[in-house]
Amino acid sequence: MTVLQADGAVRSGVRPGVRAGVRIPVVVHAADPISRAGALSQLKQCAALELVEEQQATTGAVAVMLAETVDATVTAALRRMVRGGEVRVVLVVERMREAELLEAVECGVAAILWRREATAPRLGQAVLAAARGDGDLPADLLGRLIVQMGRLQRSVQGLPGFTPPGISERESDILRLVAEGWDTAEIAAKLSYSERTVKNVLHGLTTRLHLRNRAHAVAYALREGYI
C-alpha cells in the first residue's frame, strides 16, 4: 500500500488539517443495505469519526462510496459528491479497469481501497487521510495510474506548440517525499518548511499543471523523470 500525501485534489482548495478532538462526519453510500451496514460497522470502530446521514453532512465531511466497479452511474455520483470541493470521497471498489481508475481520479476521489482490503483500520485510515487533504492509493493502482498518465502525457506532447511546463527543485523535493508516503508534517520537518508552505507548493503545482489531484501530480513527476 502506498500513501500519497499531497494537496490540491480536483476542487483545488487547500483544506486546513483535521483539528485534534474534532470528530469527522462521514456519510456512507452503497447500492445495497448489506454493504452499507458492513461499512457502518467498520467505521464505528474509529472513534475519530462521526457517522451522519447525507442531509447532515457539512463542509469537511468525508463520503465513503462502495461499488463493484466504476460504471457510468458511479462516476456521475462521484462527480456530484465532489462538486464544490466541500466533501472528500473515499471509494471502496471490487474491481477497476485502467480507464475507470483515471476516471475516478479525475472525478476527485481522495482515496481508493479494494473491498478485500477494507478492514476497519484501513478504512478508518483512508477516511482520516482524505479528511486531512491527503490521499491513499494501493501500490498496484498507483502503478497503473502512472502508466495511464504516461499515455496521456505522450498524447499531449504530440500536439503542435506543446512546451513541457517543468517543475521547480522545491516542488520535486516535496513530490519525492509525497511518493515515499511522508505526510505533510513530516515533509515540512524534513525540508525545514512550514506545513502551510508544503500545502501551498503542492496546490500551486497541481493548479499550474492542470492536474486533478495528488495522484496526478506524483504520476506526472514519475513519468517525466522529475522524481
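The values are calculated or read from the model by the stated rules, or taken from the named source; none is laboratory data. Remember, predicted model here, so these are calculated numbers, not experimental data. Neighbour counts run over all protein chains shown; Cβ positions are idealised from the backbone, glycine included. What goes into the accessible areas is simple: the full protein's heavy atoms, side chains included, and nothing from ligands, DNA or RNA. Shrake-Rupley method; radii C 1.70, N 1.55, O 1.52, S 1.80 Å.
Data table
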| quantity | calculated |
| --- | --- |
| 10 Å beta-carbon shell around Arg115, net charge (K/R +1, D/E -1) | -1 |
| Residues with amide H under 5 Å from that of Val92, placed H, sequence gap 5 or more | Met65, Leu66, Ala67, Leu113 |
| Net charge of Cβ neighbours under 10 Å - reference Asp183; Lys, Arg +1; Asp, Glu -1 | -2 |
| Surrounding net charge for Arg79, when Lys and Arg each add one and Asp and Glu each subtract one, Cβ distance under 10 Å | 0 |
| Additional length obtainable on full extension of the chain from Leu51 to Glu117, 0.36 nm per residue less Cα span | 21.7 nm |
| Rounded accessible area of Glu54 (nearest 10 Å², 1.4 Å probe) | 110 Å² |
